[in-house]
Amino acid sequence: MQSESHVLWWNAFKQGDWDAFTALYGEFYELLNNYGRKFTRDEDLIHDVVHDLFVRIWTTRQRLGQPVSVKNYLYKAFRSTLFRKIQSLSKFVELDGEGTGFTVNFIPDASFRQEEQELRKQVIDLVNTLPARQQEIIFLRFYEGMSYEEISTIMDINMSSTYKLLYKALDNLQKASNKQTWLLICGLLFLLKNISKKIPVLEG
C-alpha cells in the first residue's frame, strides 16, 4: 500500500526539495541495504548501489513519473541495479557470496522469549533450504509485508508466476516440516506479515 508520506516526499523531491529527498533517503537507506545483504555479503557493493540509485533519481528527477508505489519503485530499481553490478563484477573477480543467490539470516531479538527465538531460527533454517527465488518471495511477502502486486513488480514476474512461486515455496516448507512445526510456521509467518513494519525481524 502506498504511504502518504512517501507520495508527499516524492512529489516534493521531484520539484527539487532537498529535504524531501533526504527524507526518502533516510526512510529507505537501511531497508535497501538489508535487502541487498540477502543477495551478497559485499557491504561496499551494496552501499555503492544504494548511493548510485539515489544519485540517479536526483539527477533525473524531472523526468521521473509518479510510481504506483515509491517503495516498489526503489526496491525494483535497487534489485535490478545490484544484479547488473554483481554480474558485471563476476566477470573480473570472485565475489564473496553466491552472486545473485539469496540468504535469510537469523539475528536474536531480546523482545522475543527463548521459545519464540528457537522457533524463528527453525523457520529461517527451513527457509534457507529453499531455492533463492523462493526464499526471496517469502522474505518480501512475510518479512516485508508486500502484496502480490508489489512482489510481481519487484521480481519482474507476472501475477500468475507470483502466486505459483509463493505456493511452491510454502509447499516445500510444508514438506520439509512435520505437522506440528508446519502449524507453528504458519502462525509465525502470519505474525511477521502483520508486525513487519514495527520490529526489525531480519538483518543481514
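Results, tabulated for the structure shown:
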read-out: Which numbered condition Asp171 fails, given (1) in contact with a helix residue (DSSP H, G or I) (Cβ under 7 Å, 6 or more places away or on another chain); (2) open to solvent by less than 40 Å² (accessible area, probe 1.4 Å); (3) modelled with pLDDT of 65 or more; (4) more than 22 Å from Lys76 (Cβ to Cβ); value: (1)
read-out: Hits in segment 109-139 - residues which are hydrophobic (A, V, I, L, M, F, W, C) and either modelled with pLDDT of 60 or more or crowded, with 17+ Cβ neighbours inside 10 Å (or both); value: Leu119, Val123, Ile124, Leu126, Val127, Leu130, Ala132, Ile137, Ile138, Phe139
read-out: Pairs with Cβ under 7 Å, 6+ apart, first in segment 21-48 and within 22 Å of Trp9 (Cβ to Cβ) and free of Cβ contacts under 8 Å to residues at least 40 places away in the same chain, second open to solvent by 70 Å² or more (accessible area, probe 1.4 Å) and in a helix (DSSP H, G or I); value: Ala23/Trp9
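The values are calculated or read from the model by the stated rules, or taken from the named source; none is laboratory data. Just so it is clear, the structure is predicted and the values come from calculations on it, not from any experiment. Here the Cβ is made from the backbone with ideal geometry for all residues, glycine too, and neighbour counts use every protein chain on show. In case anyone asks, the SASA skips ligands and DNA or RNA and just uses the protein heavy atoms, side chains included. Shrake-Rupley method; radii C 1.70, N 1.55, O 1.52, S 1.80 Å.
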